[in-house]
């Protein structure tokens with residue numbers, strides 16, 4: 001049985017996404033070489049989280065191409081905010097999007113690590129005095145909120161948990177796609 005280009009694209013996007021979560025979940029190493037250290041640690045982790053987000057975005061595009069009407073394609077693909085794109089696709093699949101706020105928090109945390117060296121420079125919204133991290137362990141006493149001026153901490157366990165979270169998002173979308181195809 002031959003597969004259409006959409007099925008091949010979906011398999012390729014899923015495989016790339018899986019390799020990325022494995023790589024990041026192993027501390028940016030396929031051989032388990034040890035933790036990232038040094039002055040660029042936060043920038044490397046922030047960039048890796050940005051890449052993981054982009055891979056999820058591309059997976060969403062592949063699934064959307066099979067679900068959304070053709071006329072929605074170009075504008076949907078141009079959407080760069082993965083949290084919003086994820087929510088839009090889930091709505092098209094008639095599913096709630098309970099992970100939207102966490103995806104947005106991961107985006108803010110990723111930017112904080114990459115651009116600010118892990119020092120929190122702004123809150124979740126204008127006037128906030130703290131930022132919500134995308135992982136609860138960042139400051140478990142305050143529900144994952146880190147005050148402006150404090151350092152955002154991410155360790156190997158946090159990276160592993162984030163990769164499991166992203167894998168679960170991808171798995172949920174693939175399950176929803178399979179159910180959608182059975183209904184059509």
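Rule-based calculations on the coordinates, nothing more; no lab input. On a predicted model such as this, the values are computed, not experimentally measured, just so you know. Here Cβ is always computed from backbone atoms with ideal geometry, including for glycine, and neighbour counts include all displayed protein chains.
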Query - Cα extents of region 56-184 along the three principal axes, largest first (Å) - result: 51, 28, 21
Report summary line: The simple spin-label model distance between residue 81 and residue 16, using points 7 Å out along Cα→Cβ, in nm, is 2.4 nm
Requested in this report: Work out the FRET efficiency for residue 72 and residue 125 from their Cβ-Cβ distance, taking R0 = 22 Å, and round it to the nearest 0.05.
Outcome: 0.15
